[in-house]
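Reviewing the structure listed below.
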Amino acid sequence: MSTKLTKLQIPAKFHRNHLANTSTTDSGKALIDYALKILDMGTLGNLDVLDIGCGVRFAQTIINHQLSIKSYAGIDIDEEMVDMLQERLGDKDPRFSFYHINIWNDLYNQTGVPFTELGKLPVEDRYDVIWLFSVFTHLNPDDSRHMLKLMSKHLSPGGKLLFTTHINDEITKDSNSGFVDYFPDEPLKAAVYSRATMDKMLDDNGWKVEFFKENTPEHFIADHYICTLA
Ligand SMILES: C[S@@+](CC[C@H](N)C(=O)[O-])C[C@H]1O[C@@H](n2cnc3c(N)ncnc32)[C@H](O)[C@@H]1O
């Protein structure tokens with residue numbers, strides 16, 4: 001008898017991104033609803049999704065709100081969290097799989113290797129949707145460029161990339177590079193790019209911008225892009 005999970009319990013220490021007064025799955029549901037609206041690709045039930053920097057929020061939301069999904073692959077640099085998700089969900093439901101990459105990030109993993117040394121992502125497939133929520137917001141420019149390059153090999157024909165970032169053109173006054181690590185005492189807490197810098201990184205790595213919108217707090221979302229392969 002198949003016993004699909006209907007509740008995914010996640011220890012509090014793994015929660016990465018819920019806002020005050022909002023449960024992780026409430027913000028996750030609001031974000032998924034909004035993402036599906038702007039992606040305009042139908043329901044999750046028809047989509048293979050690759051979630052990079054997955055955290056726990058979307059896997060937990062999909063299970064606890066009993067959303068249908070064709071498949072969901074999550075990649076993250078937090079090994080303990082990835083192992084926990086694979087054990088509690090991936091091993092029980094074949095639609096879900098989780099992959100760890102041992103990558104250095106000032107905020108999340110100070111023992112990994114530089115991301116630019118990673119030759120490929122730990123998946124073989126192509127996906128209808130690749131999404132990254134609150135990940136470019138913590139990547140320096142070299143890592144952002146590398147992420148854009150690696151991801152481009154995993155989008156299906158007709159697929160779309162959705163990611164959030166912090167865009168602020170004011171920073172060009174202080175930074176010729178079009179990038180500022182906004183809180184220097186807390187490295188990569190807020191990676192901020194000028195629009196021209198982010199657009200150029202996308203263009204240089206084979207992406208075409210289909211949509212850009214500034215943050216909309218009612219959707220719990222930072223500035224965000226949708227791109228296709230150029
Ligand atoms: C702010 S959390 C967001 C988690 C999830 N996307 C969400 O919105 O709830 C950022 C996540 O990105 C992961 N991360 C940071 N750098 C990464 C990288 N280079 N590759 C994959 N994941 C990364 C962190 O471990 C963390 O889980």
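Of note:
- All positions within the stretch 207-230 that are farther than 18 Å from LEU139 by Cβ and outside any strand (DSSP E or B): GLU214, PRO217, GLU218, HIS219, PHE220, ALA230
- Listed by first and then second residue, the pairs with beta-carbon distance under 9 Å, at least 6 apart or on different chains, first residue in the stretch 97-108 and within 9 Å of the ligand (Cβ to nearest atom), second basic (Lys, Arg), are LEU107/LYS189; TYR108/ARG16.
- Complete set of residues in the stretch 181-206 that are free of Cβ contacts under 8 Å to residues at least 40 places away in the same chain and either of a type in the set (Asp, Glu) or assigned to a loop (DSSP other than H, G, I, E, B) (or both): TYR182, PHE183, PRO184, ASP185, SER194, ASP199, ASP203
- The stretch 117-136, residues that are surrounded by 15 or more Cβ atoms within 10 Å (Cβ to Cβ) and either within 13 Å of the ligand (Cβ to nearest atom) or of a type outside the set (A, V, I, L, M, F, W, C) (or both): LEU118, LEU121, VAL123, TYR127, ASP128, ILE130, TRP131, LEU132, PHE133, SER134, VAL135, PHE136
- Taking the stretch 138-166 as the range and being polar (S, T, N, Q) and either outside any helix (DSSP H, G or I) or buried (at least 22 other Cβ atoms within 10 Å of the Cβ) (or both) as the test, the residues that pass are ASN140, SER144, SER156, THR164, THR165.
- Qualifying residue in the stretch 49-63 (condition: modelled with pLDDT under 95, away from the ligand (no atom under 14 Å from the Cβ) and β-branched (Val, Ile, Thr)): no
The values are calculated or read from the model by the stated rules, or taken from the named source; none is laboratory data. Predicted model only: the values in this text are computed from it and were never measured. FYI the Cβ positions are ideal-geometry reconstructions off the backbone, even for glycines, and counts take in every protein chain you see.
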